[in-house]
Amino acid sequence: MKKLLISLVSVLCFTALAFSADLTSATEHYNRGKELQSRYQYLGAIEEYQEALAKNPNYSVVWFSLAECNYEMNEYAYALECLDNAEKNMKNSIDILRLKGFCYIGLGRTEEAYQAFEKILSTNPNDVESMFGLANLKILEGSYSSAESYYLEALTRQSSNKKALLSLALVSLQLGKKEQAMDFMNKAIKFHSEESQVYYFASYIKLQNGDLQEAERNIRIALDLDAQDENSNALLSYILYQQGKFSKALEVCNKRIEINRNNSLAWYLKALCSYKLNKKDDAVNALETALKINPQDEVARSAAEYIICKDYPVEAEVRLPYAAYHAESAREAVERFNTNLALSEYIRTLKLNPYDRDVRLLYADWLLDFGFPEYSLEQLKFIKDQGKSDQVLDERIESYDSYLGETLGQKWNVDPLLLEKNRVSIGFYYYKDEYSILHADSTQFTAHLLKDAFDAYPYFDISFNEKSMNSYSEVFKNARSNKYDYFAVVHFDETERENSINVELYSTKTGISCQKWTCYRTGNKKLQAAIQKICESMVASFEIRGKIIDRKANDVLVDLGSRDGVTKDSQFLVVKKGMIKPAETKTTFVHEKENELGTITITDLSEDLCAGQFRQFGYYDRMNVGDEVVIILKEDAEKRHSEFNPNELIQPGMTSEFSQLLNSIR
């Protein structure tokens, strides 16, 4: 019996000690996690918190700290789960409700976020963090002035609050209040002169104001305080790059890579520095590494393709993996029935690797499926011209030639490929002072991608000015010297999760803004999606203009076809050569009624040409080869014929020669 009692006491003592050891162990893991969290090492902190919860699943403060780390890593849904667990033993916690509010913002649940912050402020009107939450919501709505009010209110509670001062500096910058931004920045430096983050934001604001020297000075102070901070090193390398100090920027990039070999953005900027130093192979190799680390980095991919297309011959093997990427993208687009994207991706693939027989065959099949047999046949003949034909392909070409018979071009003895079509000419530009610190030169690459997207629309003649411009007046002057119909200024903004493109189109004749397009996208291939949407929207906004290239009595041939949107039901209005002008404030065409000559009803249509019957206005046939056409509604054509008054063409006593002489007097 005594032995049994001793054994029982021993077991109870051991159990108590073990339970005590578990609690102590959980506390130790929690303390280690807090230490790592304070150094922004969130992954390590999460591991420690998970260990603590394994020891004690009801450890509420650990659940809360785990939520904080997941929030910082943008895992908002899981952070909310952690907060629900923390709330079981931390009822009515303001800290939990506040963090829930910020998680709701991250998940786009703005109504719930508003409710959370307003509930806190109803009982704790001096809670500045909740004021910051409401300010963030106003920024999401684009109401920067309202956000500014919340930050100012927070500052009245805590005059030296770092977050309030830095936020006000950034909001003031966004509102164009540059001096006010620097005032708040200087106050932040005064109260928090030992914190590197303050100098980081001071550098950023100087950068956005175009003061690169001061930006460099401030970021070097930040690095004196925290030499290993990636954000500060990234900003320093970016500023050096923008100053043209490519060798020094390259050194900083190498330092960043030494700290973290998987830093894809450091590899990206290293590539740009190498390219500026005329080391194109090093640049391409660095971009390949960046894309291995982050295959979804579309800006890095566009930079690589830009360099490859510009500096490497079409036979270069370095082109092959990039062409293969777009070939796969084209296949996916076909499966999703996204015809515009499929067309764009096939063209992109063949631009990178024009001799890819398999892709060109797929492209030919796709063109045939979508009603472009002539262009499909051209792809097959291209393969044959490259010496890559076989018996099956030869028979296919022969059968297609037989099927198509005499084309419209053959009937009129015209080769559509040799035509100089009337097109809308647009020059794309971007400004020098657009500093996007995530990817240097991202606006340039975006503008170039947008230019390439128009390759799918032969009606447009698009040019891209590779050199950045300092001002609107410089852009206007350059566009006029190049005699574009329009010029467009491209703006690009991005974060790691989203991007937006803004394009503003101007009339080259007057410099007046004609139209704006903005597209915001998130998720995978967000840049591609935004480019496609902007391009399609721009194309849809323009009217179609063509030219008469031949006539036989009343039968006329026009240099527009089904690829340009013409159908057999289309009607054309014929206007004197050179009398159709781009509108000064719209993406339409204008002309004087006195220059209208008649209408054309389409009777025959191919992919690049159409033929029809000309019907003149009035008694005299004044239409000539070279006159221009625009599409009009059938009802509009009949109305113009019924309302035509030949006496309106020449006013009594005002012959055209006299009118010209009178107008020439200055």
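Between ASP390 and ARG331, the FRET efficiency from the beta-carbon distance, with R0 = 22 Å, is close to 0.45. Against the chain, whose longest principal axis comes from its Cα atoms, helix 230-242 is set at around 30 degrees.
Compute the relative contact order of the range 205-323 as a whole-number percentage, counting only Cα pairs closer than 8 Å that sit 6 or more residues apart in sequence. Contact order relative to length: 15 percent. Looking at TYR76, SER389, PHE428, which one has the Cα that reaches farthest to the positive end of the dipole of the chain (charges on Cβ: Lys, Arg +1; Asp, Glu -1)? The one lying farthest along the dipole's positive direction is TYR76.
Of interest is the spacing of the C-alpha centroids, which for the range 138-163 and the range 275-294 amounts to 42 Å. When only alpha carbons are used to place a centre, the range 26-67 and the range 542-615 end up 72 Å from one another. Computed from backbone phi with θ = phi - 60° and the Karplus coefficients 6.51, -1.76 and 1.60, the 3J(HN,Hα) list for the range 319-334 is 6, 4, x, 6, 5, 5, 4, 6, 4, 5, 5, 5, 4, 5, 5, 4 Hz; x is used for glycine and proline.
Peptides 357-368, 28-39 ranked from most to least packed give 357-368, 28-39, packing being the mean of other C-beta atoms within 10 angstrom over each peptide's residues.
Cβ-Cβ distance of ALA553 and LYS586, R₀ of 51 Å, FRET efficiency by 1/(1 + (r/R0)^6): the value works out to about 0.90.
Work out how much length TYR619 to ASN278 would gain on full extension: take 0.36 nm times their residue separation and subtract the Cα-Cα distance, in nm to one decimal. List each step's numbers first, then the result.
Details: separation 341, 0.36 × 341 = 122.76 nm, distance 6.73 nm.
Gain in length upon complete extension: 116.0 nm.
List the relative contact order of the range 46-138 as a percent without decimals, with contacts defined as Cα pairs under 8 Å and 6+ residues apart. 20 percent. Each label was represented as a point 7 Å from its Cα along the Cα-to-Cβ direction; for GLU317 and THR510 these points are 5.8 nm apart.
In sequence order, the range 172-182 has phi-based couplings of 4, 4, 5, 7, x, 8, 5, 5, 5, 4, 5 Hz under the Karplus curve 6.51 cos²θ - 1.76 cosθ + 1.60, θ = phi - 60°, and Gly or Pro positions carry x.
Checking the table LYS421/LYS509; LYS119/LYS178; LYS451/LYS581; LYS384/LYS568 against a 26 Å threshold on Cα-Cα, which pairs fail? Numbers along the way, then the final one.
Working: LYS421/LYS509 21 Å; LYS119/LYS178 35 Å; LYS451/LYS581 23 Å; LYS384/LYS568 33 Å.
In this structure, LYS119/LYS178; LYS384/LYS568 lie more than 26 Å apart at Cα.
Please compute the net charge surrounding ASP311, taking Lys and Arg as +1 and Asp and Glu as -1 over other residues with Cβ under 12 Å from its Cβ. Provide the component values of the computation, followed by the final result.
Details: positive: LYS279, LYS280, LYS310, ARG319; negative: ASP281, GLU305.
Net local charge, ASP311 excluded: +2.
If you take the beta carbon distance between LEU175 and THR110 as r and set R0 to 22 Å, what does 1/(1 + (r/R0)^6) give as a FRET efficiency, to the nearest 0.05? Don't skip to the end; give the middle numbers.
Numbers: r = 22 Å, r/R0 = 0.99.
Approximately 0.50, to the nearest 0.05.
Packing here is the average count of other Cβ atoms within 10 Å per residue, and on that basis the peptides 176-183, 83-90, 602-609, highest first, run 602-609, 83-90, 176-183.
Accessible area of CYS309 (1.4 Å probe, protein heavy atoms only, ligands and nucleic acids ignored): about 50 Å².
Which sequence of PHE476, PHE460 reflects their accessible areas, 1.4 Å probe, from the largest down?
PHE476, PHE460
Net charge in the neighbourhood of ALA249 (other residues with Cβ under 12 Å of its Cβ; Lys, Arg +1, Asp, Glu -1) is +4.
Each label point was placed 7 Å from the Cα along the Cα-to-Cβ direction; for LYS163 and ASP226 their separation is 1.5 nm. Since only ILE632, TYR619, GLN242 are under comparison, the one whose Cα sits farthest along the positive direction of the charge dipole of the chain, derived from C-beta charges on Lys, Arg, Asp and Glu, is GLN242. Comparing GLN532, ALA169, ILE548 along the charge dipole axis of the chain, the residue lying farthest to the positive side is ALA169, per the Cβ-charge model.
Taking amide H atoms as placed 1.01 Å from N in the peptide plane, the amide H of SER425 lies under 5 Å from those of ASP461, ASP485, TYR486, each 5 or more residues away in sequence or on another chain. Rounded to the nearest 20 debye, the dipole magnitude of the chain is 1500 debye, with +1 charges on Lys and Arg beta carbons, -1 on Asp and Glu beta carbons, and the Cα centre as origin. For the pair the range 351-428 / the range 445-511, the C-alpha centres are spaced 30 Å from each other. Helical content of the chain, expressed as a calculated mean residue ellipticity at 222 nm, amounts to -18500 deg cm²/dmol (DSSP H runs of 4 or more residues, -39,500 (n - 2.57) each, divided by residue number, nearest 500).
Derived scalar couplings between HN and Hα for the range 384-392 equal 5, 5, 7, x, 10, 8, 8, 4, 4 Hz in order, rounded to whole Hz, by the Karplus curve 6.51 cos²θ - 1.76 cosθ + 1.60 (θ = phi - 60°), x for Gly and Pro.
To the nearest ten degrees, helix 76-87 and the longest principal axis of the Cα atoms of the chain are 30 degrees apart. Beyond a 28 Å Cα-Cα separation, which of these cross-linked pairs lie in this structure: LYS163/LYS276; LYS206/LYS245; LYS432/LYS516; LYS279/LYS432? Listed pairs above 28 Å: LYS163/LYS276.
Spin-label model, SER463 to SER145: label points 7 Å out along the Cα-to-beta-carbon direction sit 4.1 nm apart.
Report the relative contact order of the chain, percent, no decimals, based on alpha-carbon pairs under 8 angstrom and at least 6 residues apart. Intermediate values should be presented prior to the final figure.
Details: 976 pairs, mean separation 36.4, N = 666.
Relative contact order here is 5 percent.
The values are calculated or read from the model by the stated rules, or taken from the named source; none is laboratory data. These numbers come from a predicted model, not from an experiment. Note that each Cβ is placed from the backbone with ideal geometry, even for glycine, and that neighbours are counted across all protein chains shown. Surface accessibility is based on the protein's heavy atoms, side chains included, excluding ligands, DNA and RNA. Shrake-Rupley method; radii C 1.70, N 1.55, O 1.52, S 1.80 Å.
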